[in-house]
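Written below as structure tokens is the structure these notes are about.
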Amino acid sequence: MMLVKKWLTSIHDCLVLRQYLPISSFSIMSSVIDPMLKLKLPDVLAEQLEQLSKATGQQRDSIALAALHEYIDTQVSQIQDIQAAVAEADRGEFATDHEVNAFFARYGC
């Protein structure tokens, strides 16, 4: 059970929802059996979600799920890129001064 609590806390922190939303309620039910997520949205965000739902004809759940998929995909990709870069640096694989200068020259910097 402690591992599940730690994992859920990590998911919450990884989503960084607290940075963007003043959430007063956040709960995740068992991710294996019942993957339920409950959020208390700020009024402004709830209204924007409602307006988008009306404008597109999509259900609010579908819009929120798509946004969450996109956010998580982006974060996972960025973390993988960072881990790969750290691994390269750990192996001593750095760009030479010539490669760095050529890169900046190519873009007029």
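Only residues that are among the aromatic types (F, W, Y) and either loosely packed, with under 10 Cβ neighbours inside 10 Å or outside any helix (DSSP H, G or I) (or both): list them for the range 85-103, please. Walk me through it before giving the result.
Kept after step one, since they are among the aromatic types (F, W, Y), are these residues of the range 85-103: 94, 103.
Result: F94, single match.
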Output for Cβ contacts, cut-off 8 Å, separation at least six or different chains, first residue surrounded by 10 or more Cβ atoms within 10 Å (Cβ to Cβ) in the range 47-58, second of a type outside the set (V, I, T) and not in a helix (DSSP H, G or I), reads L49/L41; L52/Q58; S53/Q59
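Values in this text are rule-based calculations from the coordinates and carry no lab data. Note that the structure is predicted; figures quoted are calculated from it, not measured. Cβ atoms come from the backbone with ideal geometry, glycine included; neighbour counts cover every protein chain shown.
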